[in-house]
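K.L.:
Can you keep this structure in mind? I'll have questions shortly.
The values are calculated or read from the model by the stated rules, or taken from the named source; none is laboratory data. What you see is a predicted model; the values in this text were computed from it and never measured. Cβ coordinates were reconstructed from backbone atoms using ideal geometry, including for glycine residues, and neighbour counts include every protein chain displayed. What goes into the accessible areas is simple: the full protein's heavy atoms, side chains included, and nothing from ligands, DNA or RNA. Shrake-Rupley method; radii C 1.70, N 1.55, O 1.52, S 1.80 Å.
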Amino acid sequence: MVATQHQRISFQSLVKLSSIFGLLAFLVPGMALSQTSFPQITHVYPAVIERGKTSEITLFCETSNPSNPIAVLFAGTGIKAEGIPEKGKTTELKIKVTVDKTASPGMREFRLACASGASTVGQILIADLPVVLEKTTLHADFATAQPINIGSIVSGMISAKEQVDAYKFTVKAGQTISFGVVSHRFFYKRHSQFLAIDPMISIHDSTGRELAANDDFHFADPCVTYRFASPGEYMVVVRDVDYAASINMPYNLVITGGPYVTWCYPLAHSPTGPLQVKVGGGNVPETQVALEGIPNTSAPTSTLNAVIKTDGGLSNPFPVYISGLKIFEESATNSDALFPCTINGRILKPGETDTFPIKLKKGESIIVEIRARRLGSELDSFLSITNDKDKIIASNDDQSNATKDSYLTYTATADGIFKIQVRDLLNRGGLGFNYLLNITHEEPDFIVNCDDDKAGIAPGMAAAWYVRVKRTGGFTGPITFHPENLPSGITMVPLTLPETQNDGLLLFQCAKDAKAGASLVNIIAKAKYKDKEGKEKEIIKKVGPLTELKMPGGGRSTWPVETQMIAITPEKDIVQIKVSPEKIVLEPGKTITIDVEIVRAENYKGRVSLDVRHQHLNQIFGNPLPPGVTMLDTGAKTALSEKETKGKILLKVAPDAKPFAEVPICVLANVSLNFTVKRGYASNPIMVNIPGK
């Protein structure tokens with residue numbers, strides 16, 4: 001069964017309905033919601049822009065108002081955009097976007113700053129093909145199929161259950177055409193983790209007979225390359241595999257007779273070249289071909305989008321990795337190979353295991369990392385290290401819940417030759433099962449992430465982000481944090497995390513006379529240590545931003561993203577947060593009281609919760625309190641009703657709490673936007689420490 005024309009409501013209308021019903025579904029009896037919700041982006045439509053063109057797209061938000069735009073900022077270079085103000089409050093905003101011909105193709109993050117705040121992450125595809133919009137009338141079979149030209153990309157939407165979208169095209173005898181969908185790849189970073197679709201495509205002749213089909217190729221997105229023996233009209237169909245629908249998850253359907261790359265080898269390249277690859281897919285050369293679009297200034301340890309150029313034109317973009325290490329092919333490696341190094345490898349046959357012998361001395365520590373899925377490979381890696389008796393002594397499947405790529409560390413317990421082994425978790429293999437293997441010495445180091453990735457701050461107010469450090473290789477030193485590209489009028493309270501603390505507060509303060517503006521910012525973490533020879537070395541890391549995901553059931557999760565935005569925005573529900581004292585000397589065994597008074601905006605009468613930690617449903621996402629210091633519930637006043645303005649935070653210092661250098665904390669006044677999402681307004685910093693004896 002397919003959707004009838006009267007069932008097919010425009011997705012713009014459905015977004016508005018979903019905003020209403022979604023809001024009602026989250027309401028808790030007696031809960032008063034915020035008047036000022038930061039823009040919670042669901043999607044844009046069209047969800048693709050042609051390179052070298054100026055286009056108008058519409059941004060859609062969920063239960064939030066994106067009007068009164070201040071800035072629209074894209075990751076990378078080559079894209080300029082501006083919001084087009086419209087009268088009246090709405091969940092939509094039109095945006096004029098200009099993409100330079102030299103801009104890198106592929107998926108791009110963007111952010112919106114408007115009067116109500118800084119947005120969640122938005123995403124759009126930058127492509128080289130002409131963009132076609134799906135027609136709004138029924139086109140579910142061959143008779144009603146929407147005509148399209150080969151060499152275009154269709155932006156559409158499966159907005160009703162059992163909907164089927166059919167597109168008609170004409171081919172020549174022997175012509176090879178590639179069909180690919182980019183849709184589900186937008187889902188991973190999307191704020192609302194509701195109403196996903198699992199797209200599939202199928203190819204049919206004029207009688208409706210199915211010639212080819214695919215469900216999952218690039219993760220949950222399908223891809224088919226098909227050679228048409230006979231000339232004539234044919235049809236490609238896009239639908240959800242279970243005939244489900246989403247009112248806020250568009251698809252981009254590529255139909256091309258030009259080069260369409262589905263895999264490349266090798267994945268790792270030197271910054272100095274030569275950048276040559278063997279590729280697979282439709283209408284691609286059998287010999288090696290040069291990569292296009294990789295700048296000569298590419299930094300080591302970076303992932304970039306590349307294309308190839310043939311007589312048929314430019315291909316679709318695909319990721320490659322620029323390595324600053326020595327690069328080997330798997331056939332050229334042996335136990336005498338010096339590391340650190342990067343090895344390009346392939347699992348060509350089902351059941352194949354690649355083995356790399358490595359000579360280690362007792363006490364020598366290594367880091368072994370796979371990059372495959374993050375570079376578009378089909379490989380779901382499983383990584384292991386065996387000893388001289390072929391016994392597995394270390395292994396890993398997934399590095400984190402954000403990737404299927406493997407990562408492990410190992411310290412040799414004796415001199416000897418060990419074996420690093422790589423295979424597919426399900427013992428699959430094929431031309432698309434390519435990977436790179438980084439092998440490095442484990443040295444003092446750290447990884448640091450930041451939650452949140454957006455801050456809309458009113459003049460005179462403050463906003464809090466929380467960093468969390470994972471120390472590796474025995475690193476124990478202090479870490480300092482430095483902001484880059486802050487908007488004029490914004491300053492960050494200095495933060496140095498001592499060796500005993502891994503969570504910290506980044507507090508941004510906005511001057512009272514600051515003008516509206518916004519920037520994509522970076523946070524840089526720096527630390528120093530001495531190597532085995534006693535030489536001082538410095539670690540410099542870009543802090544990895546995490547975006548908030550609103551999960552079904554009211555849960556909160558996070559996902560890695562590229563961008564962070566800080567914006568100066570006028571609208572707010574909390575005007576001021578007064579705290580006393582603003583400097584606290586903590587004493588072991590004592591309980592400290594922080595008095596809090598909030599000043600509400602005139603139109604906000606709702607409830608407010610107070611905290612010094614970043615938490616949701618008792619899960620802590622950031623805790624800047626020194627070790628040995630906890631926040632008490634009993635005796636505190638952290639829940640303020642509609643009429644209350646005064647609260648109380650209690651901090652308990654453990655009797656055995658160790659001396660601690662001064663660090664900032666703040667009081668968060670949390671305002672509920674719905675059952676899952678809160679907006680936190682931060683006080684000025686409260687400097688705390690435990691003095692030494």
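K.L.:
Considering only segment 670-690, I want to know if a residue exists there that is under 12 Å from residue 588 (Cα atoms) and at pLDDT below 95.
P.N.:
Yes, the conditions are met somewhere in segment 670-690.
K.L.:
Yes or no: residue 253 within 13 Å of residue 183 (Cα to Cα), open to solvent by less than 10 Å² (accessible area, probe 1.4 Å) and under 23 Å from the mean Cα position of the chain (by Cα)?
P.N.:
yes
K.L.:
If you go through segment 184-236 one residue at a time, how many are closer than 24 Å to residue 146 by Cα and hydrophobic (A, V, I, L, M, F, W, C)?
P.N.:
Adding up the residues that qualify gives 13.
K.L.:
A further question follows. Just one of the numbered conditions (1) farther than 23 Å from residue 431 by Cβ; (2) at pLDDT below 90 is not true of residue 410; which one?
P.N.:
Only one criterion is unmet by residue 410, namely (2).
K.L.:
Which strands (runs of 3 or more DSSP E) sit wholly inside segment 47-101 and have at least 3 residues that are crowded, with 21+ Cβ neighbours inside 10 Å and in contact with a strand residue (DSSP E or B) (Cβ under 8 Å, 6 or more places away or on another chain)?
P.N.:
Hits in segment 47-101: 54-61, 69-74, 92-99.
K.L.:
Another question, if that's okay. For residues that are more than 12 Å from residue 183 (Cβ to Cβ), open to solvent by 20 Å² or more (accessible area, probe 1.4 Å) and not charged (D, E, K, R), tally how many sit in segment 218-239.
P.N.:
7
K.L.:
Is it the case, given these coordinates, that residue 354 is outside any loop (DSSP other than H, G, I, E, B), touching a Gly at 6+ places or on another chain (Cβ under 7 Å) and at negative phi?
P.N.:
Here the answer is yes, as residue 354 does meet what is asked.
K.L.:
Spot the failing condition for residue 469; the list is (1) assigned to a loop (DSSP other than H, G, I, E, B); (2) modelled with pLDDT of 95 or more; (3) β-branched (Val, Ile, Thr), and only one is missed.
P.N.:
(1) is the only condition that residue 469 fails.
K.L.:
Scan segment 256-302 residue by residue and report those that are hydrophobic (A, V, I, L, M, F, W, C), assigned to a loop (DSSP other than H, G, I, E, B) and open to solvent by less than 10 Å² (accessible area, probe 1.4 Å).
P.N.:
267
K.L.:
Kindly establish whether residue 670 is outside any strand (DSSP E or B) and among the polar types (S, T, N, Q).
P.N.:
no
K.L.:
Quick one: in segment 483-508, which of the residues that are of a type in the set (A, V, I, L, M) and in contact with a Cys (Cβ under 9 Å, 6 or more places away or on another chain) is surrounded by the fewest Cβ atoms within 10 Å (Cβ to Cβ)?
P.N.:
493
K.L.:
Out of segment 198-215, which residues are in a loop (DSSP other than H, G, I, E, B) and out of contact with any helix residue (DSSP H, G or I) (no Cβ under 9 Å at 6 or more places or on another chain)?
P.N.:
Across segment 198-215, the qualifying residues are 205, 206, 207, 208, 209, 215.
K.L.:
Right, next: Scanning segment 618-649 for residues that are of a type in the set (Val, Ile, Thr) and under 23 Å from residue 555 (Cα atoms), which turns out surrounded by the most Cβ atoms within 10 Å (Cβ to Cβ)?
P.N.:
Applying the filter and picking the extreme gives 638.
K.L.:
Let me ask another. Would you point out which residue out of 135, 168 is basic (Lys, Arg), open to solvent by 20 Å² or more (accessible area, probe 1.4 Å) and outside any loop (DSSP other than H, G, I, E, B)?
P.N.:
Answer to the selection: 168.
K.L.:
When segment 105-129 is examined, which residues are found to be assigned to a loop (DSSP other than H, G, I, E, B), under 24 Å from residue 306 (Cα atoms) and over 18 Å from the mean Cα position of the chain (by Cα)?
P.N.:
128, 129
K.L.:
Considering each residue of segment 171-217, count those that are among the aliphatic types (A, V, I, L, M), surrounded by 19 or more Cβ atoms within 10 Å (Cβ to Cβ) and without any contact (Cβ under 8 Å) to a residue 40 or more places away in the chain, and give that number.
P.N.:
Total meeting the criteria: 1.
K.L.:
If I filter segment 328-336 for residues that are surrounded by 19 or more Cβ atoms within 10 Å (Cβ to Cβ), within 31 Å of the chain's Cα centre (by Cα) and either at pLDDT below 95 or assigned to a loop (DSSP other than H, G, I, E, B) (or both), do I get at least one hit?
P.N.:
yes
K.L.:
Taking segment 381-417 on its own, how many of its residues are surrounded by fewer than 19 Cβ atoms within 10 Å (Cβ to Cβ), under 32 Å from the mean Cα position of the chain (by Cα) and of a type in the set (Asp, Glu)?
P.N.:
2
K.L.:
Further question on the same structure: Any chance segment 478-488 includes a residue that's assigned to a strand (DSSP E or B), out of contact with any Lys or Arg (no Cβ under 7 Å at 6 or more places or on another chain) and closer than 19 Å to residue 684 by Cα?
P.N.:
So far as segment 478-488 goes, yes, one or more of its residues are assigned to a strand (DSSP E or B), out of contact with any Lys or Arg (no Cβ under 7 Å at 6 or more places or on another chain) and closer than 19 Å to residue 684 by Cα.
Table: residues versus (1) among the aliphatic types (A, V, I, L, M); (2) modelled with pLDDT under 95.
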position: 122; (1), (2): no, no
position: 133; (1), (2): yes, no
position: 155; (1), (2): no, no
position: 190; (1), (2): no, yes
position: 224; (1), (2): yes, no
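K.L.:
If you don't mind, there's one more thing I want to ask. Any idea which of 654, 682 is surrounded by fewer than 19 Cβ atoms within 10 Å (Cβ to Cβ) and either on the phi < 0 side of the Ramachandran plot or within 34 Å of the chain's Cα centre (by Cα) (or both)?
P.N.:
Criteria check complete, one pass: 654.
K.L.:
May I pose another question? Go through (1) surrounded by fewer than 15 Cβ atoms within 10 Å (Cβ to Cβ); (2) within 30 Å of residue 356 (Cβ to Cβ); (3) at pLDDT 95 or above and name the single condition residue 436 misses.
P.N.:
It fails just one condition, (1).
K.L.:
Filter segment 575-617 down to residues that are at pLDDT below 95, open to solvent by less than 10 Å² (accessible area, probe 1.4 Å) and closer than 21 Å to residue 664 by Cβ, then give me how many there are.
P.N.:
2
K.L.:
Return the residues of segment 509-556 that are among the β-branched types (Val, Ile, Thr) and either open to solvent by less than 50 Å² (accessible area, probe 1.4 Å) or assigned to a loop (DSSP other than H, G, I, E, B) (or both); say none if nothing qualifies.
P.N.:
521, 523, 524, 539, 543, 547
K.L.:
How do the pairs read when you match residues in segment 270-286 that are on the phi < 0 side of the Ramachandran plot with residues anywhere that are exposed (fewer than 13 other Cβ atoms within 10 Å of the Cβ), using Cβ under 6 Å and keeping only pairs 6 or more apart or on different chains?
P.N.:
Correct list of pairs: 271/300; 276/288; 278/288.
K.L.:
Take segment 452-462 and flag every residue that is touching a Leu at 6+ places or on another chain (Cβ under 9 Å) and open to solvent by 10 Å² or more (accessible area, probe 1.4 Å).
P.N.:
452
K.L.:
Within segment 119-132, track down each residue that is crowded, with 23+ Cβ neighbours inside 10 Å and touching a Phe, Trp or Tyr at 6+ places or on another chain (Cβ under 6 Å).
P.N.:
122
K.L.:
Between a first residue in segment 622-646 that is assigned to a loop (DSSP other than H, G, I, E, B) and a second residue that is among the β-branched types (Val, Ile, Thr), which pairs have beta carbons less than 6 Å apart while being 6 or more apart in sequence or on different chains?
P.N.:
624/665; 627/500; 645/598
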